[in-house]
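Working notes, beginning with the structure itself.
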There are 2 protein chains.
Amino acid sequence: MDFTQRLLEQFLVLAEEKHFGRAAERLSMSQPPLSQAMQRLERGLGATLLDRRPGDLRLTPAGAAFAVEARRLLDARSAVVERVRRVAQGLEGVVRVGYVSILSHRHLPRLLRAAAEELPGLRIHLHQDSTATLVEMLRSGTLDLAFIRDPLPVADELVAHDFAVEHIVAALPHDHRLAGSDSLALEDLCDDDFVLLNGTALPGLALQARLACREAGFTPRCRADADDLTGLLGYVAAGLCVSLMPEDLRDFPVPGIAFVPLRGSSPYLRTTIAAVRRADADAAVHRLLDLVARHSRR
Amino acid sequence: MDFTQRLLEQFLVLAEEKHFGRAAERLSMSQPPLSQAMQRLERGLGATLLDRRPGDLRLTPAGAAFAVEARRLLDARSAVVERVRRVAQGLEGVVRVGYVSILSHRHLPRLLRAAAEELPGLRIHLHQDSTATLVEMLRSGTLDLAFIRDPLPVADELVAHDFAVEHIVAALPHDHRLAGSDSLALEDLCDDDFVLLNGTALPGLALQARLACREAGFTPRCRADADDLTGLLGYVAAGLCVSLMPEDLRDFPVPGIAFVPLRGSSPYLRTTIAAVRRADADAAVHRLLDLVARHSRR
DNA sequence: CGACTCGATATCCTTGATCGTATGGATTTC
DNA sequence: GAAATCCATACGATCAAGGATATCGAGTCG
């Protein structure tokens with residue numbers, strides 16, 4: 001048995017009207033084919049739905065049950081159509097987003113808020129990992145979108161979109177002579193002991209910190225190095241070194257550390273990009289990417 | 001768009017196989033019509049469901065969503081067929097049952113237990129009322145089945161089925177000379193003061209009590225009468241009168257009253273019948289009626 | 001480059017769903 | 001009993017679904 005939309009509709013109208021003639025009229029058809037359709041329906045279901053007593057047509061208990069279920073079937077059907085269309089348009093769905101740890105502090109919550117407001121039907125699965133792993137997941141299809149540091153390793157299959165720029169600030173011990181300044185020039189620190197990343201965890205930052213110093217005309221005297229940011233923070237808080245860090249860290253006050261902006265910004269910034277597969281046709285990904293573009297810091 | 005069962009099935013098989021050729025084979029058809037069917041489906045939905053890339057066919061997000069929904073639609077559809085059939089066969093549904101108060105104590109629980117066990121899909125709506133009202137509700141279609149006292153008032157549209165017989169017992173004050181007996185003959189009470197129903201509430205019992213006395217060869221000296229059973233019980237418990245009552249009341253011990261069976265049973269009983277509309281085609285009612293017949297006390 | 005794979009397209013056929021008009025048969029109503 | 005009402009039946013027409021075969025075109029692989 002195959003309930004066509006039409007057949008269900010015919011039954012429902014008849015169940016309302018309880019009169020073949022009137023029902024047929026409402027359905028813009030003549031009465032006999034309606035009779036036949038109802039017979040087909042009853043035959044297909046193997047149950048009598050209508051109690052045809054002369055002068056007053058009623059539903060059998062089975063008919064009454066079917067009227068309820070038929071309405072539900074029709075509703076379910078149009079809900080399915082609606083849902084599929086929304087998914088196809090990217091208004092509903094799941095996007096798997098990867099990001100590097102730095103991003104989590106300020107940009108990601110902002111983005112998630114915007115997405116929840118603009119694309120309430122979208123569910124975003126978050127995954128934090130290293131840039132290299134994220135890129136691999138993106139290529140293999142485990143991720144749909146990744147926020148990573150600027151140099152996109154393999155550009156052939158992936159496309160990058162600017163997302164955010166982030167200034168580098170100096171991190172000084174509280175008792176440093178410049179700790180109270182509004183800003184400083186990087187060369188003011190040329191005689192200080194530095195602690196910098198050794199490049200295993202955040203190669204972008206490690207590189208750019210050294211580049212910035214070279215541009216300022218000196219090679220930083222590195223008294224120590226560290227695997228990650230917490231290592232840097234430890235050295236600085238201990239009052240042993242100064243360091244260079246992403247400005248976002250200022251949102252997380254660390255006892256004993258002062259963050260001071262650098263004057264002259266151009267080389268002293270790092271950019272975060274949103275990368276997606278070039279061939280990705282997922283509409284939800286593109287909606288999200290569009291939102292990312294509109295909410296990106298330029 | 002009209003999702004035929006076949007079309008959904010085709011899509012689901014294709015979504016599993018991810019290969020037009022194999023899917024067509026599993027569907028016992030050739031590949032081209034399957035291609036066309038999927039094109040029709042996509043056109044109808046207004047969304048691309050399949051990502052046809054050479055050598056590997058995938059579902060788009062919309063396609064994946066539709067695969068889930070299509071499965072649900074098919075399940076819902078067969079569930080509807082199943083449910084309608086069960087209702088048509090009387091295995092599921094609602095039966096509105098009326099009963100007179102006396103019945104509630106012993107027979108009704110027994111019946112409900114049996115129904116819950118044998119016809120678990122059946123819901124029974126209970127309504128207690130007087131015989132006259134029940135009969136009227138039955139005729140008007142507000143009730144499907146009614147348990148009432150033997151004389152069925154209007155037999156033309158209704159049919160009666162024996163259900164239970166109930167003996168009449170003597171109700172004596174505790175200090176009555178026969179209160180301790182195992183049984184007594186009604187004529188032993190010919191000189192006692194009686195309290196009987198005046199016939200407004202339970203005309204059957206009122207009548208049969210008097211008939212029983214006449215058959216025993218005396219007219220009861222009525223010191224009082226009452227509207228209902230509680231009135232009778234009051235008089236008897238007060239030690240003022242004896243009375244005649246349905247044996248079921250023995251299940252509810254009343255302080256100060258002794259119930260003593262009567263010897264010679266034939267006239268001293270009342271029968272409860274199950275009445276239904278003669279023309280009722282509701283399968284559930286007939287299932288229940290059949291169960292009633294099998295569980296009736298003969 | 002040629003064979004092969006795989007889905008799309010072209011073309012045709014069959015069938016059943018769906019509708020129409022005309023009519024029959026049962027019941028109610030006046 | 002005649003008229004009216006209401007649903008079922010009979011019969012014919014149409015059209016789209018659903019299928020088959022043959023072929024094309026794109027991409028893959030040895």
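The values are calculated or read from the model by the stated rules, or taken from the named source; none is laboratory data. From a predicted model like this one, the values you see are computed outputs, not experimental measurements. Methodologically, a virtual Cβ is constructed for each residue, glycine included, from the backbone with ideal geometry; neighbour enumeration extends over all protein chains shown. These area figures cover heavy atoms from the full protein model, side chains too; ligands, DNA and RNA do not enter into them. Shrake-Rupley method; radii C 1.70, N 1.55, O 1.52, S 1.80 Å.
Once a ≥ b ≥ c are taken as the square roots of the eigenvalues of the Cα gyration tensor of the stretch B:164-270, is the result rounded (a/c under 1.5), prolate (a/b larger than b/c) or oblate (a/b not larger than b/c)?
Rounded is the answer for the stretch B:164-270, as its axis ratio a/c remains below 1.5.
Net charge near B:Asp192, counting Lys/Arg +1 and Asp/Glu -1 over other residues with Cβ under 14 Å of its Cβ?
Charge balance near B:Asp192 sits at -2.
To test your reading of the geometry: what angle, between 0 and 90 degrees and rounded to tens, separates the Cα axis of helix B:61-88 from the longest principal axis of chain B?
It works out to around 30 degrees.
Relative contact order of the stretch B:5-45: what whole-number percent is it, with Cα pairs under 8 angstrom and at least 6 residues apart?
35
Give me a comma-separated list of calculated 3J(HN,Hα) values for the stretch A:187-199, in order, Karplus coefficients 6.51, -1.76, 1.60 applied at θ = phi - 60°, integers in Hz, x for any Gly or Pro.
Residue by residue, the stretch A:187-199 yields 5, 4, 9, 5, 9, 7, 7, 9, 10, 10, 5, 7, x Hz.
Just the accessible area for A:Met38, please: 1.4 Å probe, Å², rounded to the nearest 10?
The accessible area of A:Met38 comes to roughly 0 Å².
Nearest 10 degrees is fine. How inclined is helix A:5-17 to the longest principal axis of chain A, computing both from alpha carbons?
Result, in degrees: 60.
Run through the other copies and list how far each one's label point is from that of B:Glu215, in nm with one decimal, shortest first; the point sits 7 Å from Cα along Cα-Cβ.
Label-point separations across copies, in nm and ascending: 11.7.
Taking springs between alpha-carbon atoms closer than 10 angstrom, which of B:Arg277, B:Arg53, B:Arg210 fluctuates most in the Gaussian network model of chain B?
B:Arg53
Going by alpha carbons, how many degrees (0 to 90, nearest 10) lie between the helix axis of B:107-118 and the longest principal axis of chain B?
Long axis of B:107-118 versus the principal axis of chain B: about 20 degrees.
GNM on chain B, C-alpha springs below 10 Å: top fluctuator among B:Ala79, B:Ala88, B:Ala65?
B:Ala65
What residue among B:Arg223, B:Arg83, B:Arg26 has the largest mean-square fluctuation in a Gaussian network model of chain B, using Cα springs under 10 Å?
Evaluated over chain B, the most mobile residue of the options is B:Arg26.
Inter-copy label distances at B:Pro120, 7 Å along the Cα→beta-carbon direction, one decimal in nm, shortest first?
4.1
Of the accessible area of the protein assembly as shown, with the probe set at 1.4 angstrom, what percent is carbon plus sulfur?
Exposed carbon and sulfur together represent 51 percent of the surface.
Using only DSSP helix segments of four residues or longer, with each worth -39500 (n - 2.57), what per-residue ellipticity at 222 nm results for chain A after dividing by its residue count and rounding to 500?
When only DSSP H runs of four or more count, the value is -12500 deg cm²/dmol.
Starting from the Cα gyration tensor of chain A, take the square roots of the eigenvalues, sort them a ≥ b ≥ c, and report rounded, prolate or oblate (rounded when a/c is under 1.5, otherwise prolate if a/b is larger than b/c, else oblate).
Note, shape of chain A comes out prolate.
Put a point 7 Å out from Cα along the line to Cβ at A:Glu136; what are the distances to that point in the other copies, in nm, shortest first?
8.4
May I ask you to derive the relative contact order of the stretch B:164-270, considering only C-alpha pairs under 8 Å and at least 6 residues apart, and to give it as an integer percent?
Dividing the mean separation by the residue count of the stretch B:164-270 yields 48 percent.
Share of antiparallel DSSP beta bridges in chain A, in percent to the nearest 5?
Percentage antiparallel, nearest 5: 60.
How much solvent-accessible surface does B:Ile124 expose, in Å² to the nearest 10, with a 1.4 Å probe and all protein chains in place?
50
So for chain A, averaging the separation of alpha carbon pairs under 8 Å that are six or more residues apart and normalising by length, what relative contact order in percent results?
Contact order relative to length: 21 percent.
Identify the residue of chain B whose Cβ lies closest to the rotation axis that maps chain B onto chain A, and give that distance in whole Å.
Spelled out as residue then distance in Å, it is B:Ala76, 3.
Give me the percent of DSSP beta bridges within the protein assembly as shown that run antiparallel, rounded to the nearest 5.
60
State the Cα centre-to-centre distance between the stretch B:91-149 and the stretch A:41-60 in whole Å.
Centre-to-centre (Cα) distance: 26 Å.
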